[in-house]
1. Are there any helices (runs of 4 or more DSSP H) wholly within the range 48-118 with 2 or more residues that are free of Cβ contacts under 8 Å to residues at least 12 places away in the same chain, and if so which?
2. How many of the residues in the range 35-51 are at pLDDT 95 or above and open to solvent by 70 Å² or more (accessible area, probe 1.4 Å)?
3. Please pick out the residue among 57, 42, 17 that is within 17 Å of the chain's Cα centre (by Cα) and among the small types (Gly, Ala, Ser).
4. Restricting to the range 123-132, give me the number of residues that are surrounded by 13 or more Cβ atoms within 10 Å (Cβ to Cβ), part of a loop (DSSP other than H, G, I, E, B) and of a type outside the set (Ser, Thr, Tyr).
5. Out of 53, 101, report the one residue that is of a type in the set (Val, Ile, Thr) and over 22 Å from residue 140 (Cα atoms).
6. Would you mind stating whether residue 11 is in contact (Cβ under 8 Å) with a residue 60 or more places away in the chain, open to solvent by less than 30 Å² (accessible area, probe 1.4 Å) and in contact with a Pro (Cβ under 7 Å, 6 or more places away or on another chain)?
7. Looking at 32, 64 in this structure, which one is within 19 Å of residue 155 (Cα to Cα) and either at pLDDT below 95 or open to solvent by 70 Å² or more (accessible area, probe 1.4 Å) (or both)?
8. Just to be sure I understand, how many residues within the range 98-122 are open to solvent by 50 Å² or more (accessible area, probe 1.4 Å) and more than 23 Å from residue 12 (Cβ to Cβ)?
Amino acid sequence: MIYYAIDFETANQYQNSACSVGVVRFVDGVEKDSVYSLIRPSKMYFRPDFIDIHGISYDDVRDKPYFPEVWQTIVEPFLERTDDDCVKFVAHNASFDMNVIRACCDYYGMPVPKAKYACSLNVSKKAWGDYECHRLTYLAEQFGIVYDAHNALDDACTCGKIFAMAAEKMSYNLDELFSKCAKSL
């Protein structure tokens, strides 16, 4: 099974303010390759507390492409479609990342991509229900995954690994787990 772990960082509280994206291709639960890009947000307002979280500022993105160019020239060409012309995304707290895609597409008048998605946060709660929390940083620590939190590419990679580990823990193959929890974008 091929799935794409995806993560966005935003400049502020508005979901159309994507300032970076990371996408990692997983084949049968194994990381194969990835793409990453900074994104110039629709409005160049960066909340200081968001900068503190991800370290991306106005100066980092002022000369970067807007979402449509990043999506159409970097992300879309990287994605392989399934037989039903769908992309399979996995994200940690997937509603956030899927809402970023929807909000950016809406803002720029782009069609929302045909995709299904699964949430590794929800899956991790089922797989490791006895854990005190299920934040990506906490799960990574529990499993010895070293990564740069709130870097979109590292977050996506870690999320994709957690999804594969959850499938193994729950004795599902990846297709079964994805099918059980997939929603349409």
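1. Numbers: elements: 48-54, 58-61, 67-70, 94-108.
Of the helices (runs of 4 or more DSSP H) lying wholly inside the range 48-118, those with at least 2 residues that are free of Cβ contacts under 8 Å to residues at least 12 places away in the same chain span 48-54.
2. At the first step, the residues of the range 35-51 found to be at pLDDT 95 or above are 35-41, 45-51.
In the following step, the residues that additionally are open to solvent by 70 Å² or more (accessible area, probe 1.4 Å) were identified as 36, 45, 48.
The total comes to 3.
3. On the way: 57 fails: within 17 Å of the chain's Cα centre (by Cα); 42 fails: within 17 Å of the chain's Cα centre (by Cα).
Checking each option against the conditions leaves just 17.
4. Matching residues across the range 123-132 total 1.
5. Values: 53 fails: over 22 Å from residue 140 (Cα atoms).
The conditions single out 101.
6. No: the conditions fail for residue 11.
7. The conditions single out 32.
8. Here the count works out to 4.
The values are calculated or read from the model by the stated rules, or taken from the named source; none is laboratory data. Keep in mind it's a predicted model, so treat the numbers as computed, not measured. Positions of Cβ are backbone-derived with ideal geometry, glycine not excepted, and every protein chain shown enters the neighbour counts. Accessible surface areas use protein heavy atoms only, side chains included; no ligands, DNA or RNA. Shrake-Rupley method; radii C 1.70, N 1.55, O 1.52, S 1.80 Å.
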